[in-house]
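The structure under discussion appears below in the form of structure tokens.
Quick note: the coordinates plus some simple rules give every number you see, no bench work behind them. Because the structure is a prediction, the values reported are computed rather than measured. Methodologically, a virtual Cβ is constructed for each residue, glycine included, from the backbone with ideal geometry; neighbour enumeration extends over all protein chains shown.
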Amino acid sequence: MAADEPTILATSGGVRASARLDWEVGPLTRYAVELAGVTGRAPRVCFLGTACGDDRRLTATFYENAWREGWAGSHVALLPMPNIADLAGHLLSQDVIWVWGGSVAGLLALWRLHGLDAVMRDAWQAGVVLTGVSAGSICWHTGGTTDSFGPELRPVTNGLGLLPWSNGVHHDSEPARRPLFQSLVADGTLPPGYATDDGAGLLYRGGELAEALAERDRAGAYRVERGPDGDAVETPLDVRRIR
């Protein structure tokens, strides 16, 4: 089963607090699985925690969630060595690839080292739904803002570029994110792009934005571009609320 066209749901959410687990699946991630259109069997969902160093506790919580959601869960780990011999074959056989947050710079470096940059493009073009949170959102774009290099946010400009836009995450919850993202777009370090508050996501079909979604009340999404006077112009998008 594959999505009708290349599909990415890039988010600043998709997870929420849980009474029983460290975290649980949120509506945005659940919707990403629905986008795969799987019927008659459990959706195959592969989790990548690369940006958090393939933390085993994080992966274990994913499997707890996959069981509760009725998914056929799997994971790809690259540290200390790949856990699967045929990474390309495994990822191309999935319905959904879900990428966790953390160091987007580290994620991109490791993926390129192991050839996953090309594999992700092949999976996207084959109709595997790509989704993720934070670093797992920025990675599909040309770049964004990151704390991969230290507490002070810096630009990352070597994203996979499946989407020709820049991406701002945690737009409302981390005070330095919004002004830096705006200034990077204004001075041309990053191309025009889209940003999400915590709990919001961006659905792309092909390389174009199809709609903005939110699983949290008042969470917004925004178009950010360079205006005629050289300053950044931020325009709120219409957001569809999902539960």
- Item | Peptides 73-80, 195-202 ordered by average Cβ neighbours within 10 Å, highest first | 195-202, 73-80
- Message: Can you work out the Karplus-derived ³J(HN,Hα) for every residue in segment 18-35? Use 6.51 cos²θ - 1.76 cosθ + 1.60 with θ = phi - 60°, whole Hz, and x for glycine or proline.
- Response: 9, 6, 10, 10, 4, 6, 9, 4, x, x, 5, 5, 4, 5, 4, 5, 4, 4
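Nearest 20 debye, what's the magnitude of the dipole of the chain about its Cα centre given +1 on Lys and Arg Cβ and -1 on Asp and Glu Cβ? Provide the component values of the computation, followed by the final result.
Details: 21 positive and 29 negative charges, 103 e Å.
So the magnitude is around 500 debye.
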- Query: How far is helix 104-113 tilted, in degrees, relative to the longest principal axis of the Cα atoms in the chain, given as a value from 0 to 90 rounded to the nearest 10?
  - Reply: 50
- Using only Cα atoms, tell me the angle between helix 56-69 and the longest principal axis of the chain; keep it within 0 to 90° and round to the nearest 10. 70
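Compare the peptides 156-167, 216-227 by average per-residue count of other Cβ atoms within 10 angstrom and give them in order, highest first.
Values: 156-167: 21.2, 216-227: 17.7.
Top of the packing list down: 156-167, 216-227.
May I ask you to derive the relative contact order of the chain, considering only C-alpha pairs under 8 Å and at least 6 residues apart, and to give it as an integer percent? Don't jump to the answer; show the numbers that get you there.
On the way: 587 pairs, mean separation 50.9, N = 243.
It rounds to 21 percent for the chain.
Quick one: pull the percentage of alpha-carbon pairs in segment 130-211 with a separation above 16 Å.
Numbers: 1476 of 3321 pairs.
The calculated P(r) of segment 130-211 puts 44 percent of pairs beyond 16 Å.
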- For Ser134, what is the net charge nearby, where nearby means another residue's Cβ is under 13 Å from its Cβ and Lys, Arg count +1, Asp, Glu -1? -3
- Message: Given points 7 Å out from each Cα along the Cα-Cβ axis, report the Asp229 to Ser183 separation in nanometres with one decimal.
- Response: 1.8
- log₁₀ I(q)/I(0) of segment 2-140 at q = 0.12 Å⁻¹, via Debye over equal Cα point scatterers, no solvent, to two decimals? -0.41
- Quick one: of the DSSP bridges fully inside the chain, what percent are antiparallel, nearest 5? 50
- Message: Under 13 Å from a point placed 7 Å out from the Cα of Trp23 along the Cα-to-Cβ direction: which residues of segment 145-184 have their backbone N that close?
- Response: 170
- Report the extension gain between Arg154 and Ala42 in nm, rounded to one decimal, defined as 0.36 nm multiplied by the number of residues separating them, less their alpha carbon distance. 36.3 nm
- Item | For peptides 231-243, 19-31, sequence by mean Cβ density within 10 Å, most packed first | 19-31, 231-243
- Query: Counting each DSSP H run of 4 or more residues in the chain as -39500 (n - 2.57), what helix-only mean residue ellipticity at 222 nm follows after dividing by all residues, to the nearest 500 deg cm²/dmol?
  - Reply: -7500 deg cm²/dmol
- Query: If you find the alpha carbon centre of segment 125-192 and of segment 67-87, how far apart are they in angstrom?
  - Reply: 25
